[in-house]
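Colleague: Have a look at the structure that comes next, please.
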Amino acid sequence: MESQVSSTKIFEKFTWKIENFSRLNVDKMYSDPFILCGYPWRILLFPKGNKTKGAVDHLSIYLEAVKTEYASEGWIRDVKFKLVVFNQLDSNMTIISETTHKFKANESNYGYLSFMKLSQLRNPKKGFIVKDVCIVGAEVFVCKTFEKPVNQAAELTVSLASGSQNGHVKVDVPIPNPEVQGPTMEVCSDDPPSIERPRKRSRKFTDLAFAVLGRILYFLRTKKVKDMDEQACKELQVLWNELKKFKFDLTWLEPQVQCALGMKSFVEKALQVEKLKENIEAIELETGRLKAKLAAAEVNLNVERDLLKAKGIKERDLDSELGSGSWKP
């Protein structure tokens, strides 16, 4: 079954914080599973290089598609994705590589054998490892699939890491039976309200609806107020507009979404205030530095005055003409 996940090209993002990186005693490691664009994934990392394929001096990193219970024998995910190693000292030096791949059963992972040199990664002056922490990430956009999206944890509980190995989000959404009328669908994600399902909806309809719902819940749990810039607001608005098309009762969720969308102006003003405070601090530091230079310059000027007196030369006003004879006594 072919499925188009979204009509808008928005890369969903995941970050993985790896602590005690220099003390890792493994050849390869996996991140916790995470859901992007309605499908589960994980990052496969070779911190010392994929030695079995000859990459002994490069970091090897791959994106792996986690198989779901919906995956048939011929499942495919046609994906554009980016793999990232963050520079923690200078974001402009962050390494990002983008590619496309059709993930399937016999090609479930894809990435880079030689993503970056290990010498560059381990150099403490480069900024890729700070306080023995390395941060990697993935950004995913699903073009089309031949597989149903998962309902953030419908019959599949997936740990959604928010960038820290200690922070996880679980969203358990029971799959409703489209043939059964009456009961409501509950979102067991610390949100007590429920969503009343219109009757006689198809399984595909409810699966897509809960996939979008899961993405919104994940967004609200992993974003901070300071993250609500224009791009984040646009991303949330697109997801919200998609969810409203399914005609569910969303009165329990709408206040949270509208509150998040309304933060843009507040965040801009708050960041402006913080920037001005930083500017004032910088000006005050510069003022202190200039005062110190002024004091030193005045000392040097007094020394020059004493030298003029010692030579019998009277000090003159700086605005006087050289030939005017206007000399100070």
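Colleague: With r as the distance between the Cβ atoms of N25 and S119 and R0 = 35 Å, compute the FRET efficiency 1/(1 + (r/R0)^6) and round to 0.05. Working shown, then result.
Modeller: Details: r = 20 Å, r/R0 = 0.57.
The calculated FRET efficiency here is 0.95.
Colleague: Sticking with this structure for a sec: Taking the alpha-carbon distance from K275 and a cut-off under 17 Å, which lysines remain once sequence neighbours fewer than 8 residues away in the same chain are dropped?
Modeller: Here the lysines satisfying the reach criterion relative to K275 are K226, K264.
Colleague: Give me the extension gain from F11 to K269: residue separation times 0.36 nm, minus the current Cα-Cα distance, reported in nm with one decimal. Intermediate results must be reported in sequence, preceding the final value.
Modeller: Numbers: separation 258, 0.36 × 258 = 92.88 nm, distance 2.69 nm.
Gain in length upon complete extension: 90.2 nm.
Colleague: Loop-only GluC sites (Glu not before Pro) in region 228-329, please: DSSP not H, G, I, E or B, and at most 10 other Cβ atoms within 10 Å. Write down the numbers at each step before the final one.
Modeller: On the way: sites: E230, E235, E242, E268, E274, E278, E281, E284, E286, E298, E304, E315, E321; in loops: E315, E321.
Passing both the DSSP loop test and the Cβ count: E321.
Colleague: For region 25-115, which whole percent of the accessible surface, found with a 1.4 angstrom probe, sits on carbon and sulfur atoms?
Modeller: Solvent-exposed carbon and sulfur of region 25-115 make up 46 percent of the total.
Colleague: Among H58, H101, G38, flag the residue with its Cα farthest along the positive direction of the charge dipole of region 30-102, charges on Cβ as +1 for Lys/Arg and -1 for Asp/Glu.
Modeller: H58
Colleague: Quick one: if the Förster radius is 45 Å, what FRET efficiency do L89 and C259 give, using the C-beta to C-beta distance and rounding to 0.05? Don't jump to the answer; show the numbers that get you there.
Modeller: Working: r = 34 Å, r/R0 = 0.76.
Efficiency, from the Cβ-Cβ distance: 0.85.
Colleague: For region 237-299, what does the accessible surface come to per residue with a 1.4 Å probe? Please give it in Å².
Modeller: Working: 4480 Å² over 63 residues.
Accessible area per residue: 71 Å².
Colleague: Put +1 on the Cβ of every Lys and Arg and -1 on every Asp and Glu Cβ in region 199-329; which of F219, N279, L250 then has its Cα farthest towards the positive end of the dipole?
Modeller: L250
The values are calculated or read from the model by the stated rules, or taken from the named source; none is laboratory data. Treat the numbers as computed from the prediction; the structure is a model and nothing was measured. So basically every Cβ, Gly included, is an ideal-geometry build from the backbone, and we count neighbours across all protein chains shown. The accessibility values were calculated without ligands, DNA or RNA, using every heavy atom of the protein model including side chains. Shrake-Rupley method; radii C 1.70, N 1.55, O 1.52, S 1.80 Å.
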